1. List the residues whose amide H sits under 5 Å from the amide H of S70, counting only those 5 or more places along or on another chain, with H placed 1.01 Å from N in the peptide plane.
2. When the accessible area of the chain is computed with all protein chains present and a 1.4 Å probe, what percentage of it is carbon and sulfur?
3. Taking 0.36 nm per intervening residue step and subtracting the Cα-Cα distance, what contour gain separates S213 from S239 on full extension?
4. Take the cross-link list K78/K214; K120/K149; K78/K231; K33/K149; K82/K214; K84/K149 and give me the ones stretching past 25 Å between alpha-carbons.
5. Which whole-number value in Å² is the accessible area per residue of the chain, probe 1.4 Å?
6. Enter the angle in degrees (range 0 to 90, nearest 10) between the Cα long axis of helix 231-253 and the first principal axis of the Cα atoms of the chain, meaning the one along which they spread out most.
7. What residue among N129, L148, L245 has its Cα farthest toward the positive end of the dipole of the chain, where the charges are +1 on Lys, Arg and -1 on Asp, Glu, each on the Cβ?
8. At what distance in nm do the modelled label points of N115 and E143 sit from each other, each positioned 7 Å from its Cα along Cα→Cβ?
Amino acid sequence: MKGMNSRITRLGNGIAAAVLLISSPLAIADRFKDIEITASPLAENIYMLTGSGGNMAAVANPDGVLLIDSQYAELAEKIRAKLKTLSQGELTTLINTHMHGDHVGGNAALAANANIIAHKNVQLRLSNNANFDPAGLPKTVIEQSTTLKHGDTTLILEPMPASHTDGDILIWFPEQNIVHMGDLLFQGRFPFVDTSNGGNVQQYIENTRYVLSKIDDNTQVIPGHGELTNKAGLAAELSMLEQTLALVQAMREQGLTEEQMIEQGLGEAFKSWHWNFITEARWIRTLYQATQS
Ligand SMILES: [Zn+2]
């Protein structure tokens with residue numbers, strides 16, 4: 001039996017080595033090789049863009065482009081090429097919804113010569129990150145609701161109480177009835193609440209309620225991840241958040257441990273919200289932590 005155990009251990013090590021190989025730089029480059037950037041028109045000169053990482057949006061005026069979020073440096077050439085099909089103008093402004101790598105990774109490669117705008121805490125956290133290219137740091141920081149004009153287009157940048165991170169902003173297009181929620185919305189998925197960067201589940205739910213109270217049935221809602229959605233989509237997300245939090249609270253009151261909650265699960269109704277990054281187990285752990293008094 002002992003011999004068999006050590007063979008199993010060696011096999012285990014082999015799997016660990018294979019996993020390391022998969023995350024080598026070569027594999028990372030390959031990961032982006034087949035990614036295509038798509039642009040969907042939402043209103044005149046306003047587009048939602050997808051590739052890999054956080055959903056982007058652009059205001060592509062003939063004399064200058066404003067971009068929201070920058071995905072990854074590896075995609076900068078593809079993003080630039082896609083923007084050129086929308087406008088011959090230069091990228092003049094980049095807004096970051098928050099500080100995560102899949103939203104700011106392309107900052108330096110895309111926008112070193114542009115004005116980069118973000119929440120004050122995004123600049124703080126990125127400037128403390130030795131791996132972040134300083135050419136991509138925010139140049140303009142906001143601490144309160146700020147109205148910005150890009151050509152004829154009005155944008156309102158609204159910092160939110162810490163929920164996904166402590167540097168989240170909403171970006172409103174009041175005239176076109178569009179909102180980019182960044183990672184305050186993971187459409188149709190369990191959300192990532194980054195408690196190590198100031199995130200907070202209760203406030204995440206509060207912020208979702210707040211956006212719902214501000215929009216109508218015609219609002220186009222751009223999530224940080226997932227498909228373009230609307231008020232009904234956001235309402236479904238809120239309902240999931242409230243119900244799964246209540247479920248974990250109830251299991252806690254029944255005296256279940258964290259591992260027992262994961263064993264029991266959230267039930268069939270929430271299976272479709274599970275995804276590779278925030279699995280059901282990880283979401284339960286987040287809620288468990290949030291219900292600790
Ligand atoms: Zn994020």
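1. Distant-sequence amide H within range of S70: V104, G105, G106.
2. Values: 7350 of 14170 Å².
In the chain, the share of accessible area belonging to carbon and sulfur is 52 percent.
3. Working: separation 26, 0.36 × 26 = 9.36 nm, distance 1.41 nm.
Contour length minus Cα-Cα distance gives 7.9 nm.
4. Working: K78/K214 34 Å; K120/K149 20 Å; K78/K231 31 Å; K33/K149 35 Å; K82/K214 32 Å; K84/K149 21 Å.
Flagged as over cut-off: K78/K214; K78/K231; K33/K149; K82/K214.
5. On the way: 14170 Å² over 293 residues.
The answer is 48 Å² per residue.
6. 30
7. Of the options given, the answer is N129.
8. 1.9
The values are calculated or read from the model by the stated rules, or taken from the named source; none is laboratory data. Fair warning: this is a prediction, and the values are worked out from it, not measured in the lab. Counting neighbours? That spans all protein chains shown, and the Cβs are built from the backbone with ideal geometry, glycine included. Ligands, DNA and RNA are stripped out before the accessible areas are found, and what is left, the full protein with its side chains, is counted by its heavy atoms. Shrake-Rupley method; radii C 1.70, N 1.55, O 1.52, S 1.80 Å.
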